[in-house]
Amino acid sequence: MSHRCANCGKEHVGFPVWGAALPDSAAEIPAEEREQRVEVDGDICQIDDGTTFVLARLEIPIEGSEEPFRYLPWIELTPEDADLFVTLYQTRERAHLGPLSGRLDNALPGLEEEKGAEVLIYLRNEFQRPLIRSAFVRGGLAEAMRNGFSPERACEIQQSCAKE
Ligand SMILES: [Zn+2]
């Protein structure tokens, strides 16, 4: 099912996945220090003070669409859960463990105020990225995950991402 978008006048067939190259905490480190202080290994990012981030997946439903709006934000894990995730990173069967707790480290386009929100991430098998589930988040993020975006709102967010 598709319809003409009231925002841009085109028909959308799904939306691209938004992903952050680095956790905001790492991106805020001056560029000349970053290479020394930040290490990215696949979906794990560590700052030299020991802070550990993992890339997770977050979905917001879009009204009238089977495809959700997908974000890939970095989550700052608690120290204990960071150790556990690093241990399990190359483990195929891990969905029975966790969930792990952390905080959203990226300002999500359209949900900027949710930066720092506490989340639980669910481990998945076969090396799939961990998933943020709506049942265990609160506030504006939970509301967005429950109510979803209108197609026009998703379009606006996508356009603001494309400008960055
Ligand atoms: Zn549009």
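Where is the GNM fluctuation largest for the chain (alpha-carbon springs, 10 angstrom cutoff): Asp105, Asp24, Asp41?
Its mean-square fluctuation being the largest, the pick is Asp41.
How big is the range 88-164 along each principal axis, measuring the range of its Cα positions in Å and listing the largest first?
39, 25, 21 Å, listed from the longest principal axis down.
In whole angstrom, note down how far apart the Cα centers of the range 79-126 and the range 31-69 are.
Rounded to whole Å, the Cα centres lie 10 Å apart.
Treating only the Cβ of Lys, Arg, Asp and Glu as charged (+1, +1, -1, -1), what charge dipole size does the range 18-163 show about its Cα centre? Round to the nearest 20 debye. Show your work: numbers first, answer last.
Working: 15 positive and 28 negative charges, 108 e Å.
It works out to roughly 520 debye.
Mind sorting Phe15, Phe85, Phe127, Phe53 by how few other Cβ atoms lie within 10 Å of their own Cβ, fewest first?
In increasing order of surrounding Cβ atoms, one gets Phe127, Phe15, Phe85, Phe53.
Hey, fewest Cβ within 10 Å first, where do Cys155, Cys5, Cys45 land in order? All intermediate terms of the calculation are to be shown ahead of the outcome.
Values: Cys155 20, Cys5 16, Cys45 23.
Ordered from fewest to most neighbouring Cβ atoms within 10 Å, Cys155, Cys5, Cys45 come out as Cys5, Cys155, Cys45.
Could you tell me which of Leu141, Ser25, Ile47 has its Cα farthest along the dipole of the chain towards the positive end, charges placed at Cβ (Lys, Arg +1; Asp, Glu -1), taken about the Cα centre?
Highest projection toward the positive end goes to Leu141.
State, as an integer percentage, the relative contact order of the chain based on alpha-carbon contacts under 8 Å between residues 6 or more apart.
Working: 290 pairs, mean separation 37.2, N = 164.
Once divided by the residue count of the chain, the mean separation gives 23 percent.
How big is the range 1-68 in terms of Cα radius of gyration and Dmax, in angstroms?
Radius of gyration, then largest Cα-Cα span, for the range 1-68: 17.8, 49 Å.
Assuming 1.306 mPa s and 10 °C, estimate D for the chain with Stokes-Einstein, Rh taken as the Kirkwood radius over Cα pairs, in µm²/s. Kindly include the intermediate steps, with their values, before the conclusion.
Details: Rh = 16.7 Å.
It diffuses with D of about 95 µm²/s by this estimate.
Using a Gaussian network model on the chain with a 10 Å cutoff between Cα atoms, which of Ala95, Ala56, Ala26 fluctuates the most?
Residue with maximal mean-square fluctuation among Ala95, Ala56, Ala26: Ala95.
Where a number appears in this text, it was derived from the coordinates with a stated rule and is not lab data. From a predicted model like this one, the values you see are computed outputs, not experimental measurements. Neighbour counts are summed over all protein chains in view; Cβ atoms, including those assigned to glycine, are modelled from backbone coordinates with ideal geometry.
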